[in-house]
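I have placed the structure first, in the form of structure tokens, so that the comments after it can refer back to it.
None of the figures in this text is laboratory data; all of them are computed from the coordinates on show. Note that the structure is predicted; figures quoted are calculated from it, not measured. Because the Cβ atoms are built from the backbone with ideal geometry, glycine has one as well, and the counts that use them run over all protein chains shown.
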Amino acid sequence: MSRVSAPRGTFDILPEQAAARARVERIASELLEPAGYGRIETPTFESTDVFTRGVGEATDIVQKEMYSFDDGGGRSLTLRPEGTAPVCRAYVEHGMHKQPLPVRLYYLSSFFRAERPQAGRYRQFWQLGIEALGSDAPEVDAETIVLLATILERSGVSGVRLRLSSLGSPDTRAAYREELAAYLREHADRLAPAVRDRVELNPLRAFDSTDPGTQAVMAGAPMLLERLNAEDAAHFAAVRNLLDRAGVACEVDPTLVRGLDYYTRTVFEFTSDALGAQSGVGGGGRYDGLVEALGGPPTPGIGWAAGIERILMAAGETSAEQRRLDLYVGFEGNGADAFALLAAARAAGLSAQMELMARSPKGQQKQAERLGARFFARVEGDMVHLRDMNTGAEQTIEHEALIEGVRAAL
Ligand code: HAM
């Protein structure tokens, strides 16, 4: 039979990798829970409109990267490409706006994008994300950004840079879009064809282009950051000041473009020098119109998501620490007594394993050593030979004395 492989752009999480992931999850929950963030998990798939309305019809994600399918009854469903629109859908559906605001939520889930796979870019990947809904105070912007900076630091991500910008309000942005589109039309002959085709649909994405001709045009383009109204400019200045007060360094980058259309005001991205082309470890921003676009009451919101694979790559996480094993139970012949001792050991809270491969007594002791067991118990008739694997000391005791003997020594 030919071998079947996992689909391109997907990966298995093997036991030896699970520990490093669990560590990031622990770092995140230990920081986020005391800060008032409660865990939320939404379904793996949603009605496709959650994303067309939420993320935006004109984005690459919606246009090219969604795994959509018919539910069998003519309704279109989509494997979630991101978490913010689903969380806002859930916020509306569960009437969370009636809770004391802001409502603070976090998630650690897998997401799906039909992207071209490369190092750090997958078709199924994991994101840790947070969303704070109900407040437009700049302190919330700063809070979320500081939390991500802390998680990255505690996870050991090196060479971190934070870029920050503001997209202002929808009106400012609409007027700016027109201004930018007019500028791009004026310089159409110097733009890459792909950019030229999208001038009307999404002129802002021209800032993302890697084409040298386009980049030269963009160097002279008008900047949205220079067009902010007084309120948005003051909000942005406040966020910058708060980050400064918290000791988080950032660079203002007026060309920062995010691949999702729901953003308003603050946007940001963390990159790491330890990563290659896909250097973004996490990013996010404010989305003050999203809840309303999904049928809820006007509700400001802000959040971010960070890729778990990218955090681990940037932290240089390779092997995991060995699991603790208190006791390895060996035997020859009938294993019923050994099994009963194993069950008793586990019931007593010890981490224990037993011999299952009919190894020789010597082989069993070797296996105990490989697993890093603290004690090796060899059952022989009514007695147990208990070996302290640290000291090599051995004693022969009765079955009933085994658990206490191990517990006392630990
Ligand atoms: P995003 O920038 O599309 O934002 O994704 C956030 C992070 O997810 C990226 O910085 C990257 O680390 C990781 N990521 C994205 N795509 C892939 C991929 N194909 N393979 C591996 N990792 C990937 C969002 O998704 C927004 N929902 C963030 C947000 C939350 N904005 C407000 N609240």
Go through the range 394-399 residue by residue and turn each phi into a ³J(HN,Hα) via Karplus (6.51, -1.76, 1.60, θ = phi - 60°); whole Hz please, and just put x for glycine and proline.
10, 9, 10, 9, 7, 3
Residue by residue through the range 323-330, what is 3J(HN,Hα) from phi via Karplus (6.51 cos²θ - 1.76 cosθ + 1.60, θ = phi - 60°)? Round to whole Hz and write x for glycine and proline.
5, 6, 9, 7, 8, 10, 9, x
Under the rule rounded for a/c under 1.5, else prolate if a/b exceeds b/c, else oblate, using alpha carbon gyration tensor axes a ≥ b ≥ c, the range 325-409 is classed as rounded
Please list, ordered by chain and number, the residues whose modelled amide H lies under 5 Å from the amide H of residue 265; skip anything fewer than 5 residues away on the same chain.
167, 168, 169
Restricting to Cα pairs below 8 Å that are 6+ residues apart, what does the relative contact order work out to for the chain? Please round to a whole percent.
16
Can you tell me the FRET efficiency between residue 10 and residue 58 if r is taken as the Cβ-Cβ distance and R0 is 35 Å, rounded to the nearest 0.05?
0.80
Global form of the range 16-56, assessed from the alpha-carbon gyration tensor, a/c cut-off 1.5
oblate
Charge dipole of the chain about the Cα centre (unit charges at C-beta), most positive-ward option of 371, 361, 85
361
So how far, in whole Å, is the C-alpha centre of the range 34-63 from the one of the range 194-216?
26
Rounded to the nearest 500 deg cm²/dmol, what is the calculated helix-only ellipticity per residue at 222 nm for the chain, with -39500 (n - 2.57) per DSSP H run of length n ≥ 4?
-10000 deg cm²/dmol
Per residue of the range 184-193, in order, report the coupling 6.51 cos²θ - 1.76 cosθ + 1.60 (Karplus, θ = phi - 60°) as ³J(HN,Hα) in whole Hz, putting x for Gly and Pro.
5, 4, 4, 10, 4, 5, 9, 8, 5, x
Taking alpha-carbon centroids only, the range 265-317 lies from the range 354-401 a number of Å equal to 51
Label-to-label distance, nm, for residues given as residue 358 and residue 215 (7 Å Cα→Cβ offset)
6.7
